[in-house]
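Note sheet for the following structure.
Please treat every number below as a calculation from the coordinates, not as lab data. Just so it is clear, the structure is predicted and the values come from calculations on it, not from any experiment. Cβ sites come from the backbone with ideal geometry, for glycine too, and all protein chains shown count toward neighbours.
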Amino acid sequence: MIGWKKIKIADLSNTKNSFVQTGPFGSQLHESDYSVEGIPVIMPKDIVQGVISDFSIARVSENHASRLNRHKVQCGDIVYGRRGNIGRHALIRIKEEGWLCGTGCLLLRLDKLKIYPLFSHYYLSQKTIIDHITNQAVGSTMPNLNTEIIKNVTVFLPPLLLQRKIAAILSAYDDLIENNNRRIVILEKMAEELYREWFVRLRFPGYERVKIVKGVPEGWAVMKAFEVLDILGGGTPKTDVPSNWDGNIPFFTPKDSHDGYFAYATEKNISELGLQSCNSQYFPKKTIFITARGTVGNVVMALRPMAMNQSCYALIPKSNNFKLFHFLALRDSIAVIKGTANSGVFDNIITDSFKQFGYLIPPDGLILHFEQIAQNILHEMEILFLKSRLASTSRDRLLSRLMSGKIDVENLDIQFPRSMKEEMANA
């Protein structure tokens, strides 16, 4: 392959404006420095599927951000998490310019005259590279990533024009995924708004003709979550028994949760033997999971049968199997509690926690009417979600072949944006 060469990241980060550095140390950024408003600070937990999630991002004031100016990120930078899920990284887009690389992260600013930012992002997303970085991570109990490990990563680098072509092909898949994700978010808001309109603001069909008794519509009841849901626990097979693992059963843990509706891919799978040897059921599709430890209070719905570890609960409606109603009611209840309660409330969830919150339960006929409408919204969301999964799988299969030069794109005619920043704005 003419013009391709092997080069270490150390040689792509050795100019005045290119480097690999750690985020601020604990002595530079204290917990007391964080504020409700201000400049976002990127932590490892905010790195989600190659992008930065601002769902629960920390912030500091402008004064603190100015003091930490050398840690401000630019468009085209790459941020790695140093601990936990080693190998996870995100490409900094236009909207994140000026945010801070936080404690627990590494910041890569590579020489743009040698390597195109989108290309570097996709190159580092290869499973072989992630596995290599993970294997190099130091620490027996908690693996850690350092600057030397990243600097020693070798990149198989084509000429810049080919880099841009390869990045354009792969980003077309990401554009499709992002478009689907935007549509999913709109549908999520539609479902949530429908729930709130009927069951929070009480503007359900026929509400004008229903008498209000002690603050609630006649025939309705305020019930605790514990009264309307079966709360089921999970368990983990022995980790030192290889036959328990790497089977075909998805194994849901808090690491697999997020702020979206659905759980599908899991970090780990267990075998039939593993399922038989742990305290988890094989929960059916559309089971509601809530995370109880670690990342606490995320409510998701399984899109395929799964087992579950002991840091979560499976929530099963006790009667009539109105899963969508209870799913949206739980998400709304948890969102309200998170927004109004002290931070310590969700350090941990135990069975008794479900006795502390609840929601309005209307007559079955109204719930059934709601489910018939909500089902159409959730079905469309599921289709879009699975289309994105398929696009992601196709992109990943293509990734290694493009990065190794096995697919020749030299003669491919691609129209590029006028500038890197214009392309990154759409990335």
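Just a few scattered comments:
- Dipole of segment 237-349 [Lys/Arg +1, Asp/Glu -1 at C-beta], most positive-end residue of Y313, Y282, V336: V336
- Whether segment 269-380 is rounded, prolate or oblate, judged on the alpha carbon gyration tensor where a/c under 1.5 counts as rounded: oblate
- Chymotrypsin sites (Phe, Trp or Tyr not before Pro) lying in DSSP loop within segment 349-388, provided at most 16 other Cβ fall within 10 Å: F357
- Each Lys and Arg Cβ is given +1 and each Asp and Glu Cβ -1; about its Cα centre, segment 5-157 then shows a dipole of about 560 debye.
- Long-range amide H partners of T103 with built H, under 5 Å: none
- In terms of surrounding Cβ atoms within a 10 Å radius of their Cβ, S394, S353 rank from fewest to most as S394, S353.
- Farthest positive-ward along the chain dipole, Cα basis, beta-carbon charges - from F385, S400, P237: S400
- For the chain, size of Cβ-based charge dipole, Lys and Arg +1, Asp and Glu -1, in debye: 640
- FRET efficiency for the L194 to H30 pair, using the beta carbon distance and R₀ = 41 Å, is estimated at 0.40.
- DSSP-loop GluC sites (Glu not before Pro) across segment 168-269, with at most 16 other Cβ within 10 angstrom: E218, E267
- Approximate spin-label separation N17-R83, in nm, with each point projected 7 Å along Cα-to-Cβ: 3.4
- Sorted by Cβ density within 10 Å, fewest first, the residues D11, D77, D240: D240, D11, D77
- Percentage of interatomic Cα-Cα distances in segment 173-313 larger than 24 Å: 48
- In terms of its Cα atoms, segment 5-157 spans 46, 38, 26 Å along the principal axes, sorted from long to short.
- Amide H contacts under 5 Å for F283: M306, A307, restricted to partners 5 or more places along the chain or on a different chain, H placed in the peptide plane at 1.01 Å from N.
- Net charge over other residues, Cβ less than 13 angstrom from the Cβ of C278 (K, R count +1; D, E count -1): +1
- Extension gain for the segment N320 to A137, taken as residue separation times 0.36 nm less the Cα-Cα distance, is 60.9 nm to one decimal.
- Given charges at beta-carbon only (K, R positive; D, E negative), |dipole| of segment 150-294 in Debye: 340
- Efficiency of FRET between E97 and V213 - r from beta-carbon atoms, R0 60 angstrom, step 0.05: 0.60
- Cα centroid of segment 112-145 to Cα centroid of segment 36-72, whole Å: 21
- Virtual spin-label span in nm between Q356 and I2, 7 Å along Cα→Cβ: 6.9
- Fully extended contour minus Cα-Cα distance, from K127 to L368, at 0.36 nm per residue: 82.2 nm
- Most mobile of V241, V200, V138 in a GNM of the chain (Cα contacts under 10 Å): V241
- Per-residue HN-Hα couplings for segment 58-70 [Karplus 6.51, -1.76, 1.60; θ = phi - 60°; Hz; x = Gly/Pro]: 7, 9, 10, 5, 4, 4, 5, 5, 5, 5, 9, 4, 5
- Least to most buried among W4, W198 (fewest other Cβ within 10 Å first): W4, W198
- Look at the dipole of the chain built from charges on Cβ: of L194, F322, V36, the Cα furthest out on the positive end belongs to V36.
- Shown is the FRET efficiency for D246 and Q375, computed with R0 = 41 Å from the Cβ-Cβ distance and rounded to the nearest 0.05: 0.75.
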